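Chemist: Can you keep this structure in mind? I'll have questions shortly.
The values are calculated or read from the model by the stated rules, or taken from the named source; none is laboratory data. Predicted, not measured: the structure shown is a model, and the values here were computed from it. Here the Cβ positions follow ideal geometry from the backbone for every residue, glycine too, while neighbour counts run over all protein chains shown. Heads up: the accessible areas ignore ligands, DNA and RNA and are worked out on the full protein's heavy atoms, side chains in. Shrake-Rupley method; radii C 1.70, N 1.55, O 1.52, S 1.80 Å.
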Amino acid sequence: MKYPMIKWAKDLFPICRSITGSGQRETMRYFKRINPDFKTIKFKTGKKIYDWQIPKEWNIEDAYIEHESGARFAEFKKNNLHLVGYSIPINKIISKKELLKHIYTQKDQPLAIPYVTSYYKARWGFCLSEKQKKKLPLGKYKVFIKSSLKKGSLDIYQAKFKGESEKEIFFSSYICHPSMANNELSGPVLLNALIKYLKDNFPKNRKFSYRFVLLPETIGSIAYLSKFKKEMKKNIICGFNLSCVGDDRAYSYIASRDGNNLADQLLKKTLKGVKNVKKYTFLERGSDERQYCAPGIDLPVCGFSRSKKYKEYHTDKDNFNVVTQKGLEGSFKVMKIIIDQFEKSIYPKSKIFCEPNLGKRNLYPTLSQKGIYKDIRLRMDLLAFSDGKTNIKEIAKKIKQPYKKVFLEYKFLKLRKILD
Amino acid sequence: MKYPMIKWAKDLFPICRSITGSGQRETMRYFKRINPDFKTIKFKTGKKIYDWQIPKEWNIEDAYIEHESGARFAEFKKNNLHLVGYSIPINKIISKKELLKHIYTQKDQPLAIPYVTSYYKARWGFCLSEKQKKKLPLGKYKVFIKSSLKKGSLDIYQAKFKGESEKEIFFSSYICHPSMANNELSGPVLLNALIKYLKDNFPKNRKFSYRFVLLPETIGSIAYLSKFKKEMKKNIICGFNLSCVGDDRAYSYIASRDGNNLADQLLKKTLKGVKNVKKYTFLERGSDERQYCAPGIDLPVCGFSRSKKYKEYHTDKDNFNVVTQKGLEGSFKVMKIIIDQFEKSIYPKSKIFCEPNLGKRNLYPTLSQKGIYKDIRLRMDLLAFSDGKTNIKEIAKKIKQPYKKVFLEYKFLKLRKILD
Amino acid sequence: MKYPMIKWAKDLFPICRSITGSGQRETMRYFKRINPDFKTIKFKTGKKIYDWQIPKEWNIEDAYIEHESGARFAEFKKNNLHLVGYSIPINKIISKKELLKHIYTQKDQPLAIPYVTSYYKARWGFCLSEKQKKKLPLGKYKVFIKSSLKKGSLDIYQAKFKGESEKEIFFSSYICHPSMANNELSGPVLLNALIKYLKDNFPKNRKFSYRFVLLPETIGSIAYLSKFKKEMKKNIICGFNLSCVGDDRAYSYIASRDGNNLADQLLKKTLKGVKNVKKYTFLERGSDERQYCAPGIDLPVCGFSRSKKYKEYHTDKDNFNVVTQKGLEGSFKVMKIIIDQFEKSIYPKSKIFCEPNLGKRNLYPTLSQKGIYKDIRLRMDLLAFSDGKTNIKEIAKKIKQPYKKVFLEYKFLKLRKILD
């Protein structure tokens, strides 16, 4: 495999991303080295986007809880999940009782640190495992969060590739989560591998155009849609939201609201015969398909995941025990097949009205006698069905010939400028 | 039942109606007391309406046959079916032989007085049962008909109710028959009950517009169409011709010529699972669906009846042994369901592109942690499916929630101006 | 049968036709006496037509092989199949060995003289049966071919008939084969009989327009399309290529590329219930349907034959043991039914909105009493379904009446200017 997705993910794992801020920018600097095609689109704090407003930019330097004994807990530098995302700054001595009001745990997973955020309401808080919480000693605590919430921007990254057709194939994933492997990094690394695949294999003369975006979930896709809805509705014929694509447990298809657009059809077709496929209706939507398929938006986008539901989700357990290169490659293969279907299908089209004069090209017997035409039956049949609307596989089926023979004959006739 | 249809029918039974004249006006004075919404549209005698011409107005005071012995037969005042409708005036002594040429009976129902008319050819005549006819004594007879045929008008009664949409639901029945209960009065009394139901239950903010007409059969609907065809074709999306809707024997659906327009679909759906349903094709049309579905008219109108075919039809036996309050109420219920479907269906539509920001409205948790969203699943699902094209029942089914809960959530979100 | 197709074919059998030259002109002089409507369209030698070029005109006076003993073989005057079509002139003494390189036989039919041509490559050659070839004595031979290849023209014959509609029904057959009966003359004689049928039976007020063409196969239809493609695509709604229509063995339908256009539908429908019907897909195309259905041409043309495949094909055995008047008449009948369907179908249309006032025309009882309308049910039903879009056969089926009765009623109401 040419694309070391797992390495990329591991490199990026330690960074504390959120919906805004320097963690996201650092992540994208890394990806831009892999694919310099990304352009940044900035939305300023305060800007209205549909029913929403771009929040302040959040940056975080350090955070911890310090017991009067000097013992530290919930150290951000040890695991960035310990801090509630978008926590306001604080530096204060408080009682244990007071502290506990700001401690979040996942009761049903006593050993896991949960992932908690409070983007739109000013709060501060720390996340611990239940076990850790229980071990907090009695006494006073200093709570220290060195964060900032300032005017800034929400950034979206877009890489577009023109093809012969204006019609676009669309891929979207998100960058807004701190150190979690499947529900964050798997999507962006797969998306970057797909960009590379496209450039490596279809460097020019692409049939279709492509749009890849990386953005913070929900607020990012809403901002992006508020700016590009019109062109997206005009051009996108098929799109996938990539989320949790790094484990090797299952393959999941999350239907669009429509349930049967081109994206649905292609993904279902591609997963046919694959083991461990799970199909979810739009009722089980979770990621940005929520926005892409919202009423009035109605883009032909469906969700693609490996395991959509897994117990490590949104905890510190979502790490490289969950995500593997094999898991990522399984996802890559599915999306690659879909890209190939767009780029590799051939629709032979005769360049000549009526039957071409094959005799003058020595491609047809010059003597006419019955029985003599059997040998060029395939040639004549391929020509007769090359209407530019039927792909070569369909033609092979129609003329009852093996695909390979038809394909070779197509190449042969294309070289001779008879077919296009 | 709030609407005493059977009482109305019994009150109106004695009146001698015809396609024009005072009997019809008296009938409508009664109905206008129930529903003052009726407006009268007059077509003057002689007016051309498509291939037809409005006839003279016919009024009748008295009629009978008097034997030389003084014995009277076929007394109009005893039963107005005894007189052939539109009979010209006469006052003459004639032989029994001559008289018999003007006597009409129903041979296959020897005890019944048939209902006979001659609107467009000047005639006079009397109707008797076969049995009565056989008993006519030998001798001379005086035939006495005090009728008049003068320039006047043909009157049509229309009640229209505006709704938010210009699209109309249309109900038509006829007033032109003398003392018969099912094939006359059942239709007009049902139509009046439906007007009252509409006003009582949807007094304002109606979604659809409604048009109710009472008119003489055939000539009346042709006249009406000649005047309103254009607006009817533009606005009417569903219509029913009400005829013979008062007995409790069967439910009948008479298909439109098209056979599958909205009226057909709704009536068939409403009658699904009902006992004793009879379906007739357009070949069995009988009443004004003949005009509403004529070539070039093509309105989406089908016929609704209880028994479409019954032996008492067009005789003096069509009385309150045939028509009952229960029968009328059965018909009322069917039409009520259809009106309800138009008025009560709600098509929620999001007023906001992408997901609304529910957090800022305190309708969504401001803290994000896994497991926290279960409680607002219904809200999010309702929003996600509120595309303005799916009604609330269909949404409830799609999102697998009880209708009532979905409806309450809809009300809640509508109040907050998120849904329309 | 009025049209002596078999006589025409027998008269024309001896002529040596090819894709150009005097044999074809002589044939057409004969047909022009039957149908003077044919116009000649000339394409000059050298003219480019799509991917092709019009070849030189070939004329032939005589040809034979003469053994040094004076014995002659392969005498053109005895059977014009003995000469390879488009043979260049020659007059030379050669060895038997050399001669045999120019002798063509049909190995799988040792008694048959095959039909061989070499239009586009300069060659000379003779055709013999295997048996004849074996009997050629040792010794020297004179080969004598008095042919000429000169600038001239390729001629196409077209007969067009205007109808009320510009939409055209199209018939094509070919004249380019020497003495063979089924795979040549059956098509042109049927086409001429159809022209006569059209003129005899629909001399004026035709509903549709008609286009009949006789042309050399392949090069002729390509030339014709290169000139008339635009108007043909605009106007032709249904067409048939007539080939091998003279035997009485089977009926064959060769699907258009589309496979389900009007020509396909009508031919399939017409052959329904007929014995010995063979259906071929477009993969089995053989004659000018190859050009008419080529990508970018896409005319609604399918092929019609009696036996499409038969062992006598392209040999001297394709004679009047194969083609019979009965066989030709079977083909004629099929095509006649199709012409009739275009010309005889009636789409009754009411000239009056709503029901016409039949009473005033004495076409409806003036007295109204139940049971009285049965007799005019057919009349009322015909009127109710006369929407101008349903043909009289379909109406008859819908109203469950015999076609004949409906047709008579239609005539009756048309005369009275109620229906159109």
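Chemist: Mind checking which pairs have a first residue in the stretch A:345-358 that is in contact (Cβ under 8 Å) with a residue 12 or more places away in the chain and more than 7 Å from chain C (Cβ to nearest Cβ) and a second that is among the β-branched types (Val, Ile, Thr) and part of a loop (DSSP other than H, G, I, E, B), Cβ under 7 Å, 6 or more apart or different chains?
Modeler: From the stretch A:345-358, the pairs are A:347/A:390; A:351/A:418.
Chemist: Shifting gears a bit: Mind counting the residues in the stretch A:298-323 that are among the acidic types (Asp, Glu) and open to solvent by 50 Å² or more (accessible area, probe 1.4 Å)?
Modeler: The total comes to 1.
Chemist: Looking only at the stretch B:71-87, which residues are part of a loop (DSSP other than H, G, I, E, B) and surrounded by fewer than 16 Cβ atoms within 10 Å (Cβ to Cβ)?
Modeler: Result: B:71, B:77, B:78.
Chemist: For the stretch C:116-162, which positions are assigned to a loop (DSSP other than H, G, I, E, B), farther than 14 Å from residue C:82 by Cβ and open to solvent by less than 70 Å² (accessible area, probe 1.4 Å)?
Modeler: Within the stretch C:116-162, C:118, C:119, C:123, C:137, C:139, C:152 qualify.
Chemist: Please go through (1) open to solvent by less than 10 Å² (accessible area, probe 1.4 Å); (2) more than 14 Å from every other protein chain (Cβ to nearest Cβ); (3) assigned to a helix (DSSP H, G or I) for residue C:65 and return the number of the only condition it doesn't satisfy.
Modeler: If we test residue C:65 against (1) open to solvent by less than 10 Å² (accessible area, probe 1.4 Å); (2) more than 14 Å from every other protein chain (Cβ to nearest Cβ); (3) assigned to a helix (DSSP H, G or I), just (3) comes out false.
Chemist: Can you tell which of A:333, A:326 is under 27 Å from residue A:391 (Cα atoms) and surrounded by fewer than 15 Cβ atoms within 10 Å (Cβ to Cβ)? Explain how you work it out, then say what you get.
Modeler: Working: A:326 fails: under 27 Å from residue A:391 (Cα atoms).
Answer to the check: A:333.
Chemist: Another question about this same structure. When the residues of the stretch B:359-390 are filtered to those that are outside any loop (DSSP other than H, G, I, E, B) and more than 9 Å from chain A (Cβ to nearest Cβ), which remaining residue is farthest from residue A:127 (Cα to Cα)?
Modeler: Out of the qualifying residues, it is B:382.
Chemist: Among the numbered conditions (1) under 23 Å from the mean Cα position of the chain (by Cα); (2) open to solvent by 50 Å² or more (accessible area, probe 1.4 Å); (3) at positive phi, tell me where residue C:21 comes up short.
Modeler: (2)
Chemist: Just checking, how many residues over the stretch A:336-369 are open to solvent by 20 Å² or more (accessible area, probe 1.4 Å), among the aliphatic types (A, V, I, L, M) and over 30 Å from residue C:226 (Cβ atoms)?
Modeler: 1
Chemist: If you don't mind, another one. If we scan the stretch B:85-95, do we find a residue that is within 16 Å of residue B:62 (Cβ to Cβ), at the interface with chain C (Cβ under 10 Å from one of its Cβ atoms) and touching a residue at least 24 places away in the same chain (Cβ under 8 Å)?
Modeler: Checked against the condition, which is being within 16 Å of residue B:62 (Cβ to Cβ), at the interface with chain C (Cβ under 10 Å from one of its Cβ atoms) and touching a residue at least 24 places away in the same chain (Cβ under 8 Å), the stretch B:85-95 yields at least one hit.
Chemist: Let me ask another. How about the stretch C:205-237: which of its residues are closer than 14 Å to residue C:300 by Cα and of a type in the set (A, V, I, L, M)?
Modeler: Those that are closer than 14 Å to residue C:300 by Cα and of a type in the set (A, V, I, L, M): C:225, C:232, C:236, C:237.
Chemist: Quick one: in the stretch B:381-407, of everything that is without any contact (Cβ under 8 Å) to a residue 12 or more places away in the chain and surrounded by fewer than 18 Cβ atoms within 10 Å (Cβ to Cβ), which residue is farthest from residue B:341 (Cα to Cα)?
Modeler: B:400
Chemist: Same structure again: I want to confirm something. Restricting to the stretch C:104-115 and keeping residues that are more than 28 Å from residue C:54 (Cα to Cα) and within 12 Å of chain A (Cβ to nearest Cβ), which single residue is surrounded by the fewest Cβ atoms within 10 Å (Cβ to Cβ)?
Modeler: Among residues in the stretch C:104-115 that are more than 28 Å from residue C:54 (Cα to Cα) and within 12 Å of chain A (Cβ to nearest Cβ), the one surrounded by the fewest Cβ atoms within 10 Å (Cβ to Cβ) is C:107.
Chemist: If we keep just the residues of the stretch B:47-58 that are touching a strand residue (DSSP E or B) at 6+ places or on another chain (Cβ under 6 Å) and not in a strand (DSSP E or B), which is farthest from residue B:222 (Cα to Cα)?
Modeler: B:56
Chemist: Follow-up question, since we're still on this one. When you go through (1) over 13 Å from residue C:240 (Cβ atoms); (2) within 14 Å of chain A (Cβ to nearest Cβ) one by one for residue C:303, which number turns out not to apply?
Modeler: Of the numbered conditions (1) over 13 Å from residue C:240 (Cβ atoms); (2) within 14 Å of chain A (Cβ to nearest Cβ), the odd one out for residue C:303 is (1).
Chemist: Can you report the number of residues in the stretch C:92-103 which are more than 16 Å from residue C:122 (Cβ to Cβ) and open to solvent by 100 Å² or more (accessible area, probe 1.4 Å)?
Modeler: Here the count works out to 2.
Chemist: Kindly establish whether residue A:308 is in contact with a strand residue (DSSP E or B) (Cβ under 8 Å, 6 or more places away or on another chain), in a loop (DSSP other than H, G, I, E, B) and farther than 30 Å from residue A:206 by Cβ.
Modeler: Yes: the conditions hold for residue A:308.
Chemist: Turning to a different aspect of this structure: If you go through the stretch A:408-420 one residue at a time, how many are touching a residue at least 60 places away in the same chain (Cβ under 8 Å), open to solvent by 60 Å² or more (accessible area, probe 1.4 Å) and within 14 Å of chain C (Cβ to nearest Cβ)?
Modeler: Selection size over the stretch A:408-420: 2.
Chemist: Taking residue C:290 as meeting all but one of (1) surrounded by fewer than 19 Cβ atoms within 10 Å (Cβ to Cβ); (2) closer than 24 Å to residue C:233 by Cβ, write down the number of the exception.
Modeler: It is condition (1) that residue C:290 fails.
Chemist: Could you list, in sequence order, the residues of the stretch C:97-110 that are farther than 28 Å from residue C:219 by Cβ and touching a residue at least 40 places away in the same chain (Cβ under 8 Å)?
Modeler: Residue satisfying the conditions is C:99 alone.
Chemist: Now for a different question. For the stretch B:48-62, give me the residue count where each residue is open to solvent by less than 20 Å² (accessible area, probe 1.4 Å) and in contact with a Lys or Arg (Cβ under 7 Å, 6 or more places away or on another chain).
Modeler: Of the residues in the stretch B:48-62, 1 are open to solvent by less than 20 Å² (accessible area, probe 1.4 Å) and in contact with a Lys or Arg (Cβ under 7 Å, 6 or more places away or on another chain).
Chemist: How many of the residues in the stretch B:318-338 are of a type in the set (S, T, N, Q) and assigned to a loop (DSSP other than H, G, I, E, B)?
Modeler: Qualifying residue count for the region: 3.
Chemist: Look at the stretch B:4-18 and say how many of its residues are more than 23 Å from residue B:77 (Cα to Cα) and open to solvent by less than 10 Å² (accessible area, probe 1.4 Å).
Modeler: The qualifying residues number 1.
Chemist: Filtering the stretch A:163-191 down to residues that are among the acidic types (Asp, Glu) and assigned to a loop (DSSP other than H, G, I, E, B), which residue is surrounded by the most Cβ atoms within 10 Å (Cβ to Cβ)?
Modeler: Ranking the qualifying residues of the stretch A:163-191, first place goes to A:166.
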